[in-house]
Structure formats: structure tokens, C-alpha cells
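The values are calculated or read from the model by the stated rules, or taken from the named source; none is laboratory data. The model shown is predicted, which means the values in this text are computed figures rather than measured ones. In this analysis, Cβ positions are derived from the backbone assuming ideal geometry, glycine residues included, and neighbour counts consider all displayed protein chains. The protein model used for the area step is the full one, side chains on, heavy atoms only, and it has no ligands, DNA or RNA in it. Shrake-Rupley method; radii C 1.70, N 1.55, O 1.52, S 1.80 Å.
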Amino acid sequence: MTDAVAHPPPSEPRAGLSTRARVLIGLFGAAVILTLLRPFLPDALIRVPEWAIPPLEPALDAIFAWFQNDLGLIHVTRAISGWLGVAIDAAANLLYGKSRWPRLDALPWSAVAGVAAVLGWWLGGWKLSLLAGGTFVWTALMGQWKWTMETMSVIVIAAPVSFVIGLILGISAWKWKRFERAIRPILAILQTLPFYTYLLPAVIFFKVGPTAASVATIVYAMPPMILMTAVGLKKVPPEVVEAGKMAGCTRWQMLTRVFIPSARSEILVGLNQVIMLSLAMVVLTAFIGMPGLGAKLLAMMNSFKLGRSFEIGITIVLLAITLDRLSKAWVVKQPEHFEKGTPWWQRHFFLVLGIATFVFFLLVAQVVPYLDEIGRRQAFSMGKEIDTAMKTALAWDWVQATTNGIRYFFNLFILIPTENALLYVPTFAVIAAVAGICYALGGAQPAIIGAVFFTTVAFFGWWDRAMLTLHSTVTAVLLAVLIGMPIAIWASRSARASRGAIFVCDTAQTFPSFIYLLPAIMLFGISPITVILSILIYTMVPVIRYTIEGLRGVPVELTEAADMAGATRWQKLKNVQLPLAMPTIAVGLNQALMFAFFMVIIAAFIGTRDIGQELQRTLAGTHLGKNFVLGFSVVFMALTFDIAINAWAERRRRALGLA
Amino acid sequence: MRGADFDPRKIKMSDTPVISARNVWKLFGAKPEAYLASMPAGHSYEQIREDGYIAGVKDVSIEVARGEMLVIMGLSGSGKSTLVRCFSRLHDITGGTIEIDGQDIGAFNEKELIDLRRSKMGMVFQSFGLLPHRTVLENVAFPLEMRGQDRHDRRDRALEVIRLVGLEGREEYYPRELSGGQQQRVGIARSLAIEPDIWFLDEPFSALDPLIRREMQDEFLRLQDMLGKTIVFITHDFDEALRLADRIAIMKDGAVEQCDTPDRIVLNPATEYVRKFTEEIDKARVVHAGVLVQEGLTGEGEPVAASDTIQSLARRLVNDASDAIPVKMADGAIKAMPRAEALGVLLGDGA
């Protein structure tokens, strides 16, 4: 992917070969030679031998045990779990009538939907009102109210907690440089940590169920909030800050009256992220026994009830879009003045309307039970019918022939051969090749980091599984690029198609990742292709999005200059647009890889043989050490690519004068 | 024009200066204090830069008298904004002292500094620096709120200043609902809300288009005539400086090149840099009769006012045949100016 333009000219033409070329030849040469010599190599050089693998897992277990028992961390977590438990139970009582304090019993679904509609109207007009109200009406009518509210009861507690803690940490990061330097790498790791690694500690410290789910969710949703807060506070214009100082603000006044309100947009974008990540995580916490939409979806997918899965999938997607649109509408909502003498109720129109709607439905629901709760028999779920229809459609000869054909072709000619090849290559040859790729992309520093990271993974002792994970990830992303890039290039040719495609991508990015398994399972059932296909769909979104953004971002003068130079469309694309768009496309590619590492782990429950499978197995036990070792195997592989690609994009941007 | 009646020396004698800066340095870089202490005297801006430091303010000594309007003028990067931020200690200075009403503000602790700003200082910013989430009324009342004034008081006071700057009826608007000129009126109103003694204006009209700028300058002069504040006004626009200033300080590379009344800057530029600045200026519009007065001369005929510009006296200067023209000074004394010199100014061949 590197072309001659991408790099400075060789520094030593004298010897014929630059340092760069020599390093590359050395690294790749070593990889090739090691691979060719494999039959003659001793076992110890092919894989890191058992005896050389440090006993990290028991050591970590011992450390955790010490923290938990001797340091008394367990008492702290029990206390936290007590408070969180009360809050979640209270939310659960109000939302779906779990018999806990305050014992007010479930709110009628119609009241919740009504308030959601008013909220939507206030934030974004009638369309948003329709979406927000409609989502809840759909949920109720489909007979999924209880599951949805189970999911919501964790979100309404976890998201605010995550928001507040993230805000405080973000302010600290902005205030104290040293704190920021300390948490940056931690945040980077947290954002690439496979979610199973969040789950097990949560389970061990907080037991299976909603409390553990909310703790995992709080931690998982926090990093972007911290970053956005710090970014927003840094961006407050200096003159606004000076105006605050000249007004004689104390430090506390500066923070609360000047900085935080001025950073409102970024902080609310952070909130949007918190909400969306909370939803994504809550759905995934089905794996640690959190009831709700995720658990139902998991159960339905496991028993291959496609119709029901499909309906739940729609609910999750609707919920995601609603939460996303509502919170984004809040970001852009600007205050507007009222004329003097506007009466009180008009100034607070939506608040009054919201309360009125709530009270109205609360009262009506006492009389009309249907508006209070929709029982299973009254629901409009078409699960069975859809199920039958889908299974019939999938059983049609030509459909089955196609899916079987694809499955056969991919398995036999692509997946199995490449997988076997990757497993054949000696460990150190892989490390040399990775270092070579990193060196080609980003230079010496990423190469060293990559080599160190992959060597660490080798000594963690799960090499073959790591290679399988790497294989699925890279294959899926390559396919996503092959399919996604042409789509993006086509779409980028017209402004309308670009807008449409970006809108679709942005919407798709709000869906909890779990959803992407659904179409894959529908088409291919339980097979290796399903894993690849779900990653492929999931990662195509950033590939398309960033490619379009990159191509559309090429300055008009440059494309016009190319036109005037008589370039054909292909020449223009190849020589002007793609080179200039590459840094942006690289960002998309990087995101695609990160998403892929995430997805491949989730897909483990379909039945893979990689790290994800082993990780998922740890959930059943208490082997924190193993869980962390596996988790960090993934982190190190992901970070290697992250660092190398970012270094490359950064260099290109500087070379093009874009940075 | 205001310059003619103003004699800074006279005020200085009768009153301690409101702002007094002595040998003020502001260096940006890794360890500015240590560097300044070890730096050989007389280092130039370029030499300092070669050592890795930027001289934002370079050895500036300046005094601002009560009720005076000092305009600090210079190109961007000349250090004018930095200097004014040193006066209010938005920047901590590297060397020298700054006294406000005889008190060294460098020695103030945080609370004293906050009190100083809450009671004595107002500042207007180039890009307004309004708080986007607050209405006009809430923005103007902001400094009052910060010092803990009660809700009714601050509302009354804020409404009063809003009326003063001609924004009545827009109290409930948000900044983004206003034009640039209106936003700056809010900025001005906010800076006046606490009734400051010292008023800092950092290129307040630069972000506005020329027509609005002119209108705002008139408005500003009207306010100043009414309020009589001590003002430090920053601009990069020489015309604006001439129009408003009692005295002008011209800055370059962090140092003050010349600080004097507009007349004297135009007539006697102290450095080559200042001379280049004043070259294009029509001196006859700037120079007042009072400045050209020489002791020992007596003129004939009707005396002209000391505050008349030479341009406004053009007909008289050309038609009158006498050597000296009587000038009635601000204090009522009758003096005289040599006609040839005034003609020289009028015809642009220097004084």
C-alpha cells in the first residue's frame, strides 16, 4: 500500500540501497527464510516452547486475589455494588415493575412513549417526536416492553454515572498535564480491550447480573467522555476565558460558569457517546447473565429463531437510532429568546406538555389496561410467521445454492488455505513480517513497538489462537476494503450519493455491534463464514465512510486542475484524489481493524477456535489471570496496527501539507 | 480630536498615575525568569529570539494618568495585546513592576487580584468573548453575579448599561442572534457593568466592517465624554488611534517606539519606524494650533482656538499676511504660532 510518492527519496543513493530498503529486505527476508526452513527448524524456533512461557496467569491470579482479599477491595466493590444495586432496582421498579423500593410499580408504557415523543418534539421537531414515540410504541406492541425496560433500567443508571465520572476525570485531565499523560495510554488500552475482559472482573467483583452489567457498562462507556471533555475545555476561546477572569471569577466560578458551559457541545457529544456505548455494552452483557434485549437476542439466535431475532434486532436498532438522534439533537439545540412578557407556561411549553402527557396517560392507563401493559397474547409479534417465511426463502433452491456456493468457495479456496498458511509460519517469522510492515508504514518506532508487542503475545502462550484471530480480522477487513472502496468511490462522485451513504454509515455505526451478527447468521447459519461476514459488514461502515470523506475532502481546485490537464476519470482518481484522500482513508482502515478485533471476539459464541472462544470460556470461571492474558493478546495486536497506521497517516498528512 | 487640550505633564503633577509600568518585561519560553536575569543588557528582539525566547513586552515603561485615553498601536505581533494583558495581570510579567493606583499588582495574591478586577477593571475583547449560553442580560450581569450582587440589583444595573449602549429591547437575545456590532455593544456593556475606573479595550472594533466601525467609534467617544474613564485602547489602525487618542504609544517587537500626543508623533517621529507609519497621514488634519505655539511671539487679529486643526484654519493661514497668528489656549491665555510653520504642516513639507 506504499507507493514511491509516499516516502522521502533514499538518503544514500551511493550504495544503491537506502537504509530503509535494507531494513525492509532484512525483515521480510528473515521472515521468508524462516518460513522456508521450517521443516528443518527445531520446535523451539517454530513456537515459543511451553517451558519458556512465563507463568503469568497464576501470577496475575495471585495478584488479583491479593487485591481482592488482603487489600479488602472486595469490601469496596461490595459497597459500590450495594449503592448501584439500589439505584438499578429503583429504576427497574419504575420501568418494569420489579418488586423493589420504591414499589411504585411499572409506569404504563403509553406514558413513557408519550414523554419520549414530547422530548423528541422539543429537541428536534415532529420527525424526532415520531421516531422517539414510535420506537416505544413498536416495542410495546411487539410484546418486548419488559425486555426493553430491563435494558433501559441499566442504561438510565449506568450512563449518568459514567457521564459524571467521565466529566470529572476529563476536567482533571485538562487541569493537570501529568494526570492526562498518565491516563492517555490507559484510555488507549481500554478502547481496544476486548469486552469480555471488562466482563469477567465485573462478574468477579460484582457477581452475575445487572450490577455487574452496569459496572462493566460504566467503565466501557467512559473513555470517550473523558477525551471529549478534555478536548472541549481546551477549545474554549482564550478571549472567553479572559473575559471570565476580568469579571473576577474565582477558580470554581471559572470552571462552572465559563469553561463547562462554553464546552457544552463537546461535553454533550461525549454524552452521546456514553449513551451509545452504554447501549452497545448492555446488550453484550447478556453474556454475564444480564436479562433484557441482549439476552433475548442471544437466546433466539442460539435457538435459530430468526423471526423473533429479527424483531428484537429491529427494536435494538430503533432504540439505538432514537437515543442517538435525541442526544445529537441536544448537542445542536441552541437556546432561543422569548419576547418580553411571554407567559410562564409558554416559556416552559414542553415541560408543561411533557408533564401533562405523562399524567394523562398515567390516568387513562388506570381505566384502559391495554395502555398500561400489553400482554404476550395481545402483542402483534409476527415472530413465527417471519421465521417460517425466512426459513422458506432460505430453503429455496437458488438461495441455498448461492449461500452454499459462497460458503464452499470461501472455505475451500480462501479461509482454509490462508489459515493453514498462517499457522504454518514460525512465530518469529510472523514477528519479523509484522515489524517489516510496521517499518514500511511508520518507520523505526512503530516497527520496534510492533515487534515487542507481538513477541509479548508469543510469550503469553496463546499464539495459534491469536493467529486465528488475526487471520479472521485481516481477511474480513481486506474483503471490506475490496467491496467497500468501489462503493465509496462510486458514491463520492455525486454530492447526493455521498450524503446519503454517509448518513447510512453514521446511522449504522450507532447500532450495537451485536446486531451485525444477525444477517450473517440468517444467511449462513453457524459457520466460519458467518464470523467473517459479520465482521465484513461491520467494518465496511468505516471503510466506506472515511473513503467518501477523504475523496470529497480533496480541494476542488486540485480536481479542476486535473480536469484542465486533461486527466481521464481514472487518471484523476489514481493520481490526484486517492493520494490526497489516503490519510483520511487510513483513519477509516484503522477504525475498521479496531472494529474487526472487537467483532471477532464477540463472534466467538458462534463457535470459533480463536482467542475469543477461550476468552468467553473464562467467563464461566474465575480465572482473571487467563482472562487478562487473552485480553491483552488482542490489545497488543490491535495497538500494533493502530500505532503503525496512525504513524503512516500522520507522515502522509505532513508530506501533503495537510497537518 | 481630543489631543489638543490635553497635557499629560500637568495631570501627572496633580495626581498619581492610575497605571504605572516600570521596565516591564514579558518573555515567552522555557524559563523566562532565569533567562531574563542572565541576559546581557541591550539584547535585541532578534538576539532574544535566537536564544529561544519571544519578547512579548520588552522593557516598557509607561504611565497612564487619570481620565486619559492611551492608545497602544502597532502591527500584529508587536506586543500590544500582551502589554495590556500585563496591566490586568492576565499575564504575569517576567520583570519590572506594574502599579495600579500606586499598588504593585505583581505582589497581589489571588483574592486581591480578583477583588481588583471585580471593582476597578473592565475589558472589551476583539472577538467579543461573550458567553454563548447566556442572554444579553445575563452576559452583562455576569461580572456583577461573580461578585455576588443580589439578583435585583444586578438586573437593574445591567438594564441600565444595556440602555446606555443602545441595546434595549434585546435583553433576552442570545449572542448568536445578534450582529457583530450588537455583540460588541454587549461586550462594552459588560465591561462597564461594574463601573470600572480603568477600561481596557483590545482592538474592540477590528472585527467589525468599516461602516459599523465608524459608528461604534462615535458611540465610544460619546460614552467616554459621558463617563470619563481611564482608558487603554489597542488598535492596529492608525486612523482610529488618531481619532481617539490623548496619547499614542507605538509598539514594535515588544518595545514602545514612541509615546506622545498625536500631534507630536506626527510632527516629530522619534524613530524611522514611526516616521514610516506617519508618512501617509495628512498632518494638517492631526496637528492642532496649540501645538505650534511658540513662546515670545505675539500675533495680530482674532485668535484661533488651540483645539482647531491646521486644516480647519487653511483659509486663514493662506489669506493672513502676518508672521504670527494668535492662539487662544485652553486656559484662556493668548499665545501665537508662526504662520510659516503652520503653512508647512498644511502643505505637507514637514514642520
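Working carefully through the options A:Val115, A:Val76, find the one that is closer than 30 Å to A:Asp372 by Cβ, among the β-branched types (Val, Ile, Thr) and open to solvent by 30 Å² or more (accessible area, probe 1.4 Å). Of the residues listed, the single one that is closer than 30 Å to A:Asp372 by Cβ, among the β-branched types (Val, Ile, Thr) and open to solvent by 30 Å² or more (accessible area, probe 1.4 Å) is A:Val115. Only a single item in (1) modelled with pLDDT under 95; (2) open to solvent by less than 10 Å² (accessible area, probe 1.4 Å); (3) in a helix (DSSP H, G or I) is not met by A:Gly248, and it is number (3). Of the helices (runs of 4 or more DSSP H) lying entirely inside the range B:101-212, those carrying at least 1 residues that are open to solvent by 10 Å² or more (accessible area, probe 1.4 Å) and facing another protein chain (nearest Cβ under 9 Å) are B:110-120, B:136-146, B:180-192. Within the range A:501-531, track down each residue that is open to solvent by less than 20 Å² (accessible area, probe 1.4 Å), within 22 Å of A:Arg545 (Cα to Cα) and more than 17 Å from the chain's Cα centre (by Cα). If the condition is that a residue be open to solvent by less than 20 Å² (accessible area, probe 1.4 Å), within 22 Å of A:Arg545 (Cα to Cα) and more than 17 Å from the chain's Cα centre (by Cα), then A:Ala520 is the only one that fits. Against the criterion of being buried (at least 24 other Cβ atoms within 10 Å of the Cβ) and farther than 24 Å from A:Cys438 by Cβ, A:Ala565 does not qualify. None of A:Val477, A:Val452, A:Val504, A:Val481 is in the same structural domain as A:Glu650 (by TED's automatic domain parsing) and out of contact with any helix residue (DSSP H, G or I) (no Cβ under 7 Å at 6 or more places or on another chain) except A:Val504. Quick check: is even one residue across the range A:97-106 of a type in the set (A, V, I, L, M, F, W, C) and part of a helix (DSSP H, G or I)? No, because not a single residue in the range A:97-106 is of a type in the set (A, V, I, L, M, F, W, C) and part of a helix (DSSP H, G or I).
In this structure, does B:Arg222 turn out to be within 13 Å of chain A (Cβ to nearest Cβ), open to solvent by 10 Å² or more (accessible area, probe 1.4 Å) and assigned to a helix (DSSP H, G or I)? So B:Arg222 fails the test.
Flag: A:Val231 matches the condition of being open to solvent by 30 Å² or more (accessible area, probe 1.4 Å), away from chain B (no Cβ under 14 Å) and in a helix (DSSP H, G or I).
Restricting attention to the range A:434-461, which residues are closer than 21 Å to A:Ile46 by Cα and either of a type in the set (Lys, Arg) or open to solvent by less than 20 Å² (accessible area, probe 1.4 Å) (or both)? Within the range A:434-461, A:Val434, A:Ala435, A:Gly436, A:Gly450, A:Phe454, A:Val457, A:Ala458 meet the criteria.
I need the full set of residues from the range B:41-64 which are without any contact (Cβ under 8 Å) to a residue 24 or more places away in the chain and open to solvent by 70 Å² or more (accessible area, probe 1.4 Å), in order please. The answer is B:Ala41, B:Gly42, B:Glu46, B:Gln47, B:Arg49, B:Glu50, B:Asp51. Looking only at the range A:414-433, residues that are touching a Pro at 6+ places or on another chain (Cβ under 9 Å) and open to solvent by 50 Å² or more (accessible area, probe 1.4 Å) come to 1 in all. Of the helices (runs of 4 or more DSSP H) lying entirely inside the range A:562-659, the ones with 1 or more residues being over 24 Å from A:Met540 (Cβ atoms) and at pLDDT below 90 are found at A:611-618, A:624-655.
Pairs linking a residue in the range A:328-340 that is closer than 21 Å to A:Ala132 by Cβ and at the interface with chain B (Cβ under 7 Å from one of its Cβ atoms) to a residue that is modelled with pLDDT of 85 or more and open to solvent by 100 Å² or more (accessible area, probe 1.4 Å), with Cβ atoms under 7 Å and 6 or more positions apart or on different chains, are A:Gln334/B:Arg176. Within the set A:Pro194, A:Pro238, A:Pro210, the sole residue that is more than 14 Å from chain B (Cβ to nearest Cβ) and either among the basic types (Lys, Arg) or open to solvent by 10 Å² or more (accessible area, probe 1.4 Å) (or both) turns out to be A:Pro210.
Residues are listed down the side, and each one gets a yes or a no for (1) of a type in the set (A, V, I, L, M, F, W, C); (2) within 30 Å of A:Leu60 (Cα to Cα):
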| position | (1), (2) |
| --- | --- |
| A:Ser534 | no, no |
| A:Gly553 | no, no |
| A:Thr559 | no, no |
| A:Ala562 | yes, no |
| A:Leu624 | yes, yes |
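Scanning the range B:85-113 for residues that are without any contact (Cβ under 8 Å) to a residue 24 or more places away in the chain, within 21 Å of B:Arg147 (Cα to Cα) and out of contact with any Phe, Trp or Tyr (no Cβ under 9 Å at 6 or more places or on another chain) turns up B:Leu90, B:Phe108, B:Asn109, B:Glu110, B:Lys111, B:Glu112.
Remark: pairs (first residue in the range A:578-601, closer than 20 Å to A:Ala655 by Cα; second residue open to solvent by 30 Å² or more (accessible area, probe 1.4 Å) and among the polar types (S, T, N, Q); Cβ separation under 9 Å; 6+ apart in sequence or on different chains) = A:Ala586/A:Asn646; A:Val587/A:Asn646; A:Asn590/A:Asn646. A:Gly125 meets the conditions (1) at pLDDT below 95; (2) open to solvent by 50 Å² or more (accessible area, probe 1.4 Å) in every case but one. The failed one is (2). Condition check for B:Phe277 on (1) open to solvent by less than 40 Å² (accessible area, probe 1.4 Å); (2) over 17 Å from B:Val60 (Cβ atoms): one failure, at (1). Against the test of being closer than 26 Å to A:Ile406 by Cα and modelled with pLDDT under 95, the options A:Ile502, A:Ile537 yield a single qualifying residue, A:Ile537.
I'd like to check something: does the range A:354-374 contain any residue that is of a type in the set (Val, Ile, Thr), open to solvent by 70 Å² or more (accessible area, probe 1.4 Å) and either closer than 20 Å to A:Ala111 by Cα or within 14 Å of another protein chain (Cβ to nearest Cβ) (or both)? For the range A:354-374, residues of a type in the set (Val, Ile, Thr), open to solvent by 70 Å² or more (accessible area, probe 1.4 Å) and either closer than 20 Å to A:Ala111 by Cα or within 14 Å of another protein chain (Cβ to nearest Cβ) (or both): present.
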